[in-house]
Amino acid sequence: MRPRQLVTLSVVSLLVACDSGPALPLSYETEHLRIHTDPDVPLCAGDLVAFEAIIDRIEDDLGFSIEEKVSVSIWPEEAWKNAREHYCPTDPRVIGCTSSDGTVIHTTRPALEHELAHAPIPYLAPFFAEGLADVYSGVQLTRFGFTAPADNLAISAVEVDQRTARHFVRWLRETWGTAKLGELVRLGKHADKRFADVYGLSFAEAEAMYFAEAPYGYPSLNTCDGTPLDFMDDLGGWRTDIDIDCDTGKDVHTYGTSLMVERTFVIPAAGYYSVSSNADGILLSRCATGPLEEAIRSSTFLGEDVPPSYAGEIDEEFHYYEGGSIVDLHFEAGKHEIGLGLFGYQGREVNLAIWPSLGPQPVEGKP
Amino acid sequence: MLPCFAVALLLGCTEQEARLLYELGDPCRSAYKPCLDDDSALSCESNVWVERDCASVCAELGPAYGPAGCDRECVCELLDPSGCTPNEVTCVDESTVAVCDEAQQLQSTPCSDVCADAGLDEVGCLANEDGEQSCWCTSEDTPCEPSSMPTCVDDATIAVCEMGAWVFVECQMVCGGPAVCDPLQQPATCGC
């Protein structure tokens, strides 16, 4: 149960042809989606809720909705090369594509959220389209990039600096709000040239402001959105039982070939806490509280028992522990998220307790 | 039958990559200082790349460090290689810890003092599983409230508040045989 660090390259295809190719069976249907999957790789109720939430957020934020159900094919990675050659650009870096009318998606599971975010959004320059898809996938944090936004405006989807694209789009969203961003998207392919119609300043002026003021990073839109745990006075911490049921649990989702559910809690003061769960594994991270103003080095949090979720460069960071035994871990103060995982797709009830440690623990002396 | 796509180049787009922002005066957000040459580096200050010599970069680490060239980033070496590394923590003996200060001098402190500052009792100066040394402290025998509930210390030990102090008891002793502490019970209990 480790996250896959990858660069999502997807392309909004322009032309639709009609030759046949490999196909997957229809496995799930939601309000907006008809989802085709490998029958051996199921989705959970929480996955379907999360997919719909992506579409709902784009409608709420940007004002674009899906009129016709989207056909989504989620290909196993071993079958992706063949599927890509039939349905998507042949560039081997591409791990998903969405038709220009947003009605058909072919992708692999890691890129699915990104592709779903493409579906409701009309054609834009790849810089905006890829940035919007990354931000509205909900799962990707953003960082200040290594190229200038203006230098990416005429670059194709496979070559655009996605790091800069998603951070610039997120900065627009956080600086001027979602309504303005929706207006920009409505400009379609004229979004860069008529940028001033929406924001009252040219793209070059906005870029200069971005260079001067944008923070180092933002957490993902979905960061730490797990249900809060109830505090138990008798324990001085948190204790709960959770039914991890793939079919019915609205917050149970797949995680690779595992099932996962997240919960959040707030550590009042830094120190050692004992963690116990009979889940197969737990993922722990400290939540971001807002934009990351200061740049961080990737080694900054090495060795910490519970790293901040924003320590990662692409995916959110966490530390994995096996379940079964009591582990004593050092937590900083603040909001945290814990993921409880089960290997395979067979659900069961799991328990969790977190409380201040009483046992032996290292204490740092002062120099 | 699913439709499939023939893909066209996005009109008006190019395959050229954008220029990397790694020149003096370019905008930046970075905690890294990549080399410019053998003894200077780029430094992201006030959101712009500026040039810094490695001597000033190393001076930021404290008076114990001096420059020794640039290899991806400035290389900073201890001025006294035989001295300790600032902020390094070592056990002087089983109950005394020493922390290396900025002048590469070890400053010793009894673990009893370190633990007392944290409101805990001393266990000793020990290394963890990664070999990092420090004082270890425990709540055993420290004050507790009469209302404090039994609490699992680890899988095999339970802490109970007796006469105003935490007492650690092996669950095996409680049960008279193999047993584990169950933190899911209200309150925690030894599962016999």
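Against the main long axis of the alpha-carbon atoms of chain A, helix A:162-176 sits at an angle near 80°.
Once Lys and Arg get +1 and Asp and Glu get -1 on their Cβ, which of A:His106, A:Ala214, A:Gly131 lies farthest toward the positive end of the dipole of the stretch A:10-218? So the residue we want is A:Ala214.
State whether the protein assembly as shown is rounded, prolate or oblate according to the following rule on the C-alpha gyration tensor (a ≥ b ≥ c being the square roots of its eigenvalues): a/c under 1.5 gives rounded; otherwise a/b larger than b/c gives prolate, and the remaining case gives oblate.
It is oblate, given that a/c is not under 1.5 and a/b is not larger than b/c.
Using a probe of 1.4 Å on the protein chains alone, the accessible area found for B:Ser108 is around 80 Å². Annotation: the antiparallel percentage among DSSP beta bridges lying fully within chain A is about 75.
Looking at chain A, the accessible area is 39 square angstrom per residue; that uses a 1.4 Å probe and ignores ligands, DNA and RNA.
Within the shell of other residues whose beta carbon sits under 12 angstrom from the beta carbon of B:Cys181, the net charge comes to -4, with Lys and Arg scored +1 and Asp and Glu -1.
Expressed to the nearest 5 percent, the antiparallel share of DSSP beta bridges inside the stretch A:58-164 is 40 percent. If you sort A:Leu187, A:Leu284, B:Leu24 by accessible surface, 1.4 Å probe, largest first, the order is B:Leu24, A:Leu187, A:Leu284.
What is the mean number of Cβ atoms from other protein chains located within 10 Å of the Cβ atom of each residue in peptide A:153-161, rounded to a whole number?
5
Residues considered: B:Gln16, B:Gln133, B:Gln104. Largest GNM mean-square fluctuation over chain B, using C-alpha springs under 10 Å, is found at B:Gln16. Which of the listed residues, B:Asn128, B:Pro150, B:Cys115, is farthest toward the dipole's positive end in chain B, when Lys, Arg count +1 and Asp, Glu count -1 at the beta-carbon? In chain B, that residue is B:Pro150.
Rounded to the nearest 20 debye, the dipole magnitude of chain B is 800 debye, with +1 charges on Lys and Arg beta carbons, -1 on Asp and Glu beta carbons, and the Cα centre as origin. Applying a DSSP loop filter and a limit of 15 other Cβ atoms within 10 Å to the trypsin sites (Lys or Arg not before Pro) in the stretch B:19-69 leaves B:Arg19.
Put simply, when A:216-223, A:294-301 are sorted by average Cβ atoms within 10 angstrom per residue, most first, you get A:216-223, A:294-301. For the pair the stretch A:48-120 / the stretch A:188-224, the C-alpha centres are spaced 25 Å from each other. Per-residue mean of foreign Cβ neighbours for A:217-223 is 0 (Cβ atoms of other chains, 10 Å radius).
In this assembly, the B-A interface accounts for approximately 5200 Å² of buried accessible surface in total, computed with a 1.4 Å probe and without ligands, DNA or RNA. Please report the spacing between the Cα centers of the stretch B:111-163 and the stretch B:35-56 in Å, no decimals. Answer, in whole Å: 46.
Between A:Glu85 and A:Val49, what length comes free when the chain is fully extended (0.36 nm per residue of separation minus the Cα-Cα distance, one decimal in nm)? Don't jump to the answer; show the numbers that get you there.
On the way: separation 36, 0.36 × 36 = 12.96 nm, distance 3.03 nm.
Difference between extended and current length: 9.9 nm.
Under the convention that each Lys and Arg Cβ holds +1 and each Asp and Glu Cβ holds -1, the size of the dipole of the stretch A:227-356 around its Cα centre is about 60 debye.
For the protein assembly as shown, please report how many Lys pairs fall under 24 Å Cα to Cα, leaving out neighbours fewer than 8 apart on the same chain.
Details: A:Lys69/A:Lys250; A:Lys180/A:Lys189; A:Lys180/A:Lys193; A:Lys250/A:Lys335.
Total qualifying Lys-Lys pairs in the protein assembly as shown comes to 4.
For chain A, the dipole from Cβ point charges (+1 on Lys and Arg, -1 on Asp and Glu) about the Cα centre works out to 700 debye, to the nearest 20.
The values are calculated or read from the model by the stated rules, or taken from the named source; none is laboratory data. Just so we're clear, the structure is a prediction, and the values are computed from it rather than from any experiment. Here the Cβ is made from the backbone with ideal geometry for all residues, glycine too, and neighbour counts use every protein chain on show. Ligands, DNA and RNA are stripped out before the accessible areas are found, and what is left, the full protein with its side chains, is counted by its heavy atoms. Shrake-Rupley method; radii C 1.70, N 1.55, O 1.52, S 1.80 Å.
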